[in-house]
Each structure stands twice: as structure tokens, then as C-alpha cells.
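Step one of this worksheet: look at the structure below.
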Amino acid sequence: MTSRPTKTGFEESSPTTLSKQPLWQYLLQDYLQLYRTGSAGGSRLIRAHMADASALLAKAMEEDPPVVAGAGEALPVCVHLDRALSGASNYVTASLARSVGLIREHLVWRYGYDEVPDGLRLNFAFAEILGPVGPIRSDHLKLGLVLFAPSTTYPTHSHEDICESYINISGHVSENDTGVSAPGSLIFNPPGQQHCITTADREPCLLSYVWTGASETLRTHKLRFSENAGTA
Ligand SMILES: [Fe+2]
């Protein structure tokens, strides 16, 4: 079998492990740093989630998980990725954005929903970074990226039996019309909490997400918009 080096230094046809993939390692280190050092804003619930996510991510990294990453797959919203990454440059998320930029050619962008509303096809996609199906394979937690075009409404949905947090990497968003989140902010959604996201008018938004929960739930959870999904 032939394999070829890529810009990220691994051979596409050969599965490898995290310890041999410095760029993926740095990316996870940047996630870990944000969860370990970010403020919980005085919330015991959020502090517990951040500690849980940090411990699970550290455990996943220590296990030197497989990394299976070949050519990425883009969706229309990826035209906004450059702008979203550069938009993080003055914030605490700058290092994470740079790390994302270095592995971007391997990201597989997906909608994740069986039925994607027309309004989202050009404006939304997510890419998994670590989880049961990879590219970094682990059953301990899921994490990845969500990219939104400017002026997007991501309809109401919830996640049963999963704790979700978003760290805003770039841009400004509002969840459930309850405030405005700037880069570096964390948004927490406990299991079952309905949430709807809107993004600012003239800038794209890149969020990182973390899901914690039972391995089986992480493996099988299906994304679904709520019935009568509201828009903000
Ligand atoms: Fe969500």
C-alpha cells in the first residue's frame, strides 16, 4: 500500500495515533486549555461540566487514540471558514482557531440532520474532531466545530441525556434570545434543554461543541429539530 505525506505530516492511507500527529495534539491541547482555565461565571453546574469535559478529554488524549483523517469534505458554508478563523485573532480562542486552520483540509463537514431546512443548507455545517467515529476516535466524549454564516437561525433542538457546551471561537451569537456571546464565551445546555441560536448580521460564527454522556448515547444520539421548531 502506498501512502503519501500531507501538510499535516501523516500518511493518508495509514491509520495512526494521536502521539504521532502533533497538529491534532495541539488542537486538543487548545481545547483542554480553554476548558481548564476558562471561567464558569460562578455557576456550579457549568464548573462541574467544564471539569468533567477536561477530565474526559485528558483521559482520551492519554490513551493515544487512533487518528483516521484523510481528505476533508466541504459544504457551502465553508466559504466563510477563513473569515471565521481570522475573526478569532484578538481573543482567547486565537490559538484554537490557528490549530483548526492547520488541520482544516481534513475536516469532514456535515449537516447531521435527515431533513435540513432550506435556510440552513448554505448557512450551517458541523465537523467532528473527536468521537466514536473520529477523526480522533474516542468513546469518552464528543467534540467538534459548528460553522454558521452571518445572519443564520439554527432552529430549536435539544439533546436528551447529553450535556452540551459551546465555546464561541469567533463571531457573536445569541442563544434563546438571552444575551450575546462573544469569542471565548461558553454556552451550556444541560440534557433536554431546548435551544435556538442566532448569529450576527455581518460576520460568520465558529463554535466548538463538547458533548458528555454515556458512551452508548454519544454513539447513537440523533440530531433532530424540535417539533414546531421556533426561530428566534
Ligand atoms: Fe445543540
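Pick out the one residue from G101, G70 that is at pLDDT below 95 and either touching a His at 6+ places or on another chain (Cβ under 9 Å) or within 24 Å of C205 (Cα to Cα) (or both). Spell out how you get there, then give the answer.
Values: G101 fails: at pLDDT below 95.
Going through G101, G70 in turn, just one is at pLDDT below 95 and either touching a His at 6+ places or on another chain (Cβ under 9 Å) or within 24 Å of C205 (Cα to Cα) (or both): G70.
For segment 42-78, give me each residue that is touching a residue at least 40 places away in the same chain (Cβ under 8 Å), open to solvent by less than 30 Å² (accessible area, probe 1.4 Å) and of a type in the set (A, V, I, L, M, F, W, C).
M50, A53, L57, A60, V67, A69, V77, C78
What number of residues within segment 113-145 are in contact with a Leu (Cβ under 9 Å, 6 or more places away or on another chain), open to solvent by less than 10 Å² (accessible area, probe 1.4 Å) and not small (G, A, S)?
Within segment 113-145, residues that are in contact with a Leu (Cβ under 9 Å, 6 or more places away or on another chain), open to solvent by less than 10 Å² (accessible area, probe 1.4 Å) and not small (G, A, S) number 7.
Under 6 Å between Cβ atoms, at least 6 apart or on separate chains: pull out the pairs that start in segment 156-184 with a residue that is touching a residue at least 12 places away in the same chain (Cβ under 8 Å) and end on any residue that is more than 12 Å from the ligand (Cβ to nearest atom) and among the acidic types (D, E).
G171/E203
Keeping to segment 157-169, report how many residues are open to solvent by less than 20 Å² (accessible area, probe 1.4 Å) and either within 10 Å of the chain's Cα centre (by Cα) or over 15 Å from S208 (Cα atoms) (or both).
Adding up the residues that qualify gives 8.
Looking only at segment 194-230, how many residues end up being within 13 Å of the ligand (Cβ to nearest atom) and loosely packed, with under 14 Cβ neighbours inside 10 Å?
Number satisfying all stated conditions: 4.
The values are calculated or read from the model by the stated rules, or taken from the named source; none is laboratory data. Keep in mind that what you see is a predicted model, and the values were worked out from it rather than measured. Glycine gets a Cβ as well: all are built from the backbone with ideal geometry, and neighbour counts include every protein chain shown. Note: areas computed on protein heavy atoms with side chains; ligands, DNA, RNA excluded. Shrake-Rupley method; radii C 1.70, N 1.55, O 1.52, S 1.80 Å.
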